[in-house]
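See below for the structure under consideration.
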Amino acid sequence: MPSRPTDLIHHPYTPPAGFSAPQPGVYKASTVIFPNVAALRARDWKHKTGYTYGLHGTPTTFQLEERIATLEGAKQCLLVPSGLAAIACVNFALLATGDEVLIPDNAYGPLKALAEGELRQWGITHQRYDPMNPADLERRLGPRTKLVWLEAPGSVTMEFPPLAHLAHVCRQRGITTVLDNTWGAGLAFNGFDLRHGERFGAGSGADIVVQALTKYPSGGGDVLMGSIATRDEALHVRIKLTHMRIGFGIGANDVEGVMRSLPSLPVRYRAHDASARSLARWMQGRPEVAQVLHPALEGSPGHEHWRSLCGDDGLAAGLFSVVFHDRYASTQVDAFCDALKLFKLGYSWGGPMSLVVPYDVPSMRSAEVAKWPHRGVLVRFSVGLEHPADLQADVEQALAALG
């Protein structure tokens, strides 16, 4: 005779304790069960001392948050549905009508779009600054400046800024800084400790560090997720309150995917880095190329800043950009991209598959900040985990399409 629905829902069996495996269990819940009314009323969702509702965390999300905090050198971490969600949550938590936020001119495009859209509609102003020039940042700071964004290297154009100097300028004025550390992945450098020799000592880092876990921590090109890491409890709670009010939730299976990939992150990051440097150096010698933009290569903008922060043998991810000679029209560069076979056309990066995207950089920059110095078309390369020789052969055969 079939079991009654009540028996299936309220079955008394509980598996024995003590099960241990390489990967932690996955807990999925919207509703959380309380043992009694007193517990329901007493539990505090602001700290990891208990469970109240799925949006406020489960054992699965708590574990990933703690591991990302360790990776970043933070004390607290919040998970959000994407890297852009992390950016939005920080802005929403720390800015109000009448405030101003400063953004690097070479920052991630959707951050600038958010400032020009929702933030502007809510009476929050913004300025773009030249991240390679701390004096430009300093002169733009004003009494309404409440938040300054940092990013290293610059999105698409790969300039590596003097992070310690920029953070120091803001700290001297008591202005909160937030660093997008997606490129560094918590491995290339510590976003909370950007000390540079004796000039900028301990405490020179950012106040908040965000990441798109979509990229290297996930590593598969199949998960969207972001993180917000802090060291200050009051700042963490302030952001967490906004996180709760917005209703950001993370699927347990996505958390499982990142948790599974996280132990291999350092190995994969080094492999991406080594292949990208090999290909970037080879492209430096190609006659079609005007400049290769890669923080670890001498002559690339900000190379000395990368070296001083990350070290002579430091890490540098798997991204670089190439500026083709201006004798090639954008249609010719598009033909080169179309001719690639292993490199696929697609946004994002950090997965096993190599990707490529051409960009119109002048349209992404503010003429009031600093003029883009190149006339040729830029193409960004995200180097995956294919064999480096195969990737070089793919680029070489596609270069013939330039004509």
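Rule-based calculations on the coordinates, nothing more; no lab input. Everything numeric here is computed off the predicted structure, so don't read it as measured data. Methodologically, a virtual Cβ is constructed for each residue, glycine included, from the backbone with ideal geometry; neighbour enumeration extends over all protein chains shown.
Quick notes
- For the stretch 37-262, a/c is not less than 1.5, where a ≥ b ≥ c are the root eigenvalues of the C-alpha gyration tensor, and a/b tops b/c. That puts it in the prolate class.
- Checking every one of the chymotrypsin sites (Phe, Trp or Tyr not before Pro) in the stretch 296-403 against DSSP loop status and a limit of 11 other Cβ atoms within 10 Å picks out TYR347.
- Averaging Cα coordinates gives a centre for the stretch 298-332 and one for the stretch 218-283; these two points are 23 Å apart.
- Built amide H within the under 5 Å cut-off of ALA290, gap 5+: VAL323, PHE324, HIS325
- Fully extended contour minus Cα-Cα distance, from SER348 to VAL267, at 0.36 nm per residue: 27.2 nm
- Qualifying chymotrypsin sites (Phe, Trp or Tyr not before Pro) in the stretch 26-104, DSSP loop, other Cβ atoms within 10 Å at most 16: TRP45
- Cleavage-rule hits, trypsin sites (Lys or Arg not before Pro), the stretch 319-349, DSSP coil, Cβ neighbours within 10 Å at most 15: ARG327, LYS341
- When the helices of the chain are scored as -39500 (n - 2.57) per DSSP H run of n ≥ 4 and the total is divided over every residue, the value at 222 nm lands at -10000 deg cm²/dmol.
- Pairs exceeding a 29 Å alpha-carbon distance, out of LYS112/LYS341; LYS146/LYS371; LYS28/LYS146; LYS112/LYS344: LYS112/LYS341; LYS28/LYS146.
- Residue exposure sequence - VAL26, VAL156 - by fewest surrounding Cβ within 10 Å: VAL26, VAL156
- Annotation: the residues ILE103, ILE124, ILE175, sorted from fewest to most other C-beta atoms within 10 Å of their own C-beta, follow the order ILE175, ILE124, ILE103.
- Label assignment, percent of Cα pairs over 30 Å apart derived from the structure, set (i) 35; (ii) 38; (iii) 45: (iii)
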